[in-house]
Amino acid sequence: MMNRSAKGVTLVELIIAVTLLALLASAILPFSRMTAKRTREIELHRNLRTIRTAIDDYKKAYDKALEQKKIVATLQASGYPKTLELLVEGDDFGGLYGAKRKFLRRIPPDPMNPPQPGQPPQWGMRSYTDQPDATNWGKEDVFDIYSLSEGVAIDGSNYKDW
């Protein structure tokens, strides 16, 4: 006869407990993947906004330098930075600020298309004269940026269209 007061776990109880834990884990895994993707999407929105704001601020400073006759207008110059690196290196706009004004500390990376270790962040760029949906950069200036990722967002839109 078995003593019912003995403490322990039967094999059936152990199998049921492991099964329940497996079910819970299988439900949590997709949720955690979705959370990670949503976090990267939020970061992409923030990085796009940061760079686009810096591009707009550069254009405003260029226009102010033109207005104050610190620089001379040319037909080829749109007023947008020639490269993204110029936003980090800065520009003095013909002495408008007395020193180089920097618009970014660093170029934020694209979280949906992260750079290789040791490589600079890669973004798709459009010039002022490029079509709004152009995928080849005209290289005159940097008017807009976009993600190079071919991925699809949670809402069904393409990251490259943000």
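All of Y62, Y58 fail the test of being modelled with pLDDT of 90 or more, among the hydroxyl-bearing types (S, T, Y), surrounded by 10 or more Cβ atoms within 10 Å (Cβ to Cβ) and over 30 Å from A153 (Cβ atoms), apart from Y62. Hey, could you check the stretch 113-144 for residues that are touching a residue at least 60 places away in the same chain (Cβ under 8 Å) and assigned to a loop (DSSP other than H, G, I, E, B) and say which is surrounded by the fewest Cβ atoms within 10 Å (Cβ to Cβ)? Looking at residues that are touching a residue at least 60 places away in the same chain (Cβ under 8 Å) and assigned to a loop (DSSP other than H, G, I, E, B), I get E140.
Only a single item in (1) surrounded by 15 or more Cβ atoms within 10 Å (Cβ to Cβ); (2) touching a Leu at 6+ places or on another chain (Cβ under 8 Å); (3) at pLDDT below 95; (4) of a type outside the set (A, V, I, L, M, F, W, C) is not met by S147, and it is number (3).
Whenever a residue of the stretch 68-86 is among the β-branched types (V, I, T), its partners that are assigned to a loop (DSSP other than H, G, I, E, B) and at pLDDT 90 or above, lying with C-beta atoms within less than 9 angstrom and at least six residues away or across chains, give the pairs T83/D141; T83/V142. Every listed requirement among (1) among the β-branched types (V, I, T); (2) in contact with a strand residue (DSSP E or B) (Cβ under 6 Å, 6 or more places away or on another chain); (3) more than 16 Å from F143 (Cβ to Cβ) is met by I51 save one, (3). Tell me which residues, restricted to the stretch 145-162, are over 20 Å from L84 (Cα atoms) and in contact (Cβ under 8 Å) with a residue 24 or more places away in the chain. Correct list: G151, A153, I154.
Looking only at the stretch 58-112, count how many residues are more than 26 Å from the chain's Cα centre (by Cα) and not in a loop (DSSP other than H, G, I, E, B). Qualifying residue count, the stretch 58-112: 8. The residues in the stretch 117-138 that are at pLDDT 90 or above, small (G, A, S) and under 18 Å from the mean Cα position of the chain (by Cα) can be counted, and the count is 1.
Is there a residue in the stretch 22-33 that is surrounded by 12 or more Cβ atoms within 10 Å (Cβ to Cβ) and either in contact (Cβ under 8 Å) with a residue 12 or more places away in the chain or farther than 21 Å from S157 by Cβ (or both)? Scanning the stretch 22-33 turns up no residue that is surrounded by 12 or more Cβ atoms within 10 Å (Cβ to Cβ) and either in contact (Cβ under 8 Å) with a residue 12 or more places away in the chain or farther than 21 Å from S157 by Cβ (or both).
The values are calculated or read from the model by the stated rules, or taken from the named source; none is laboratory data. Predicted, not measured: the structure shown is a model, and the values here were computed from it. So basically every Cβ, Gly included, is an ideal-geometry build from the backbone, and we count neighbours across all protein chains shown.
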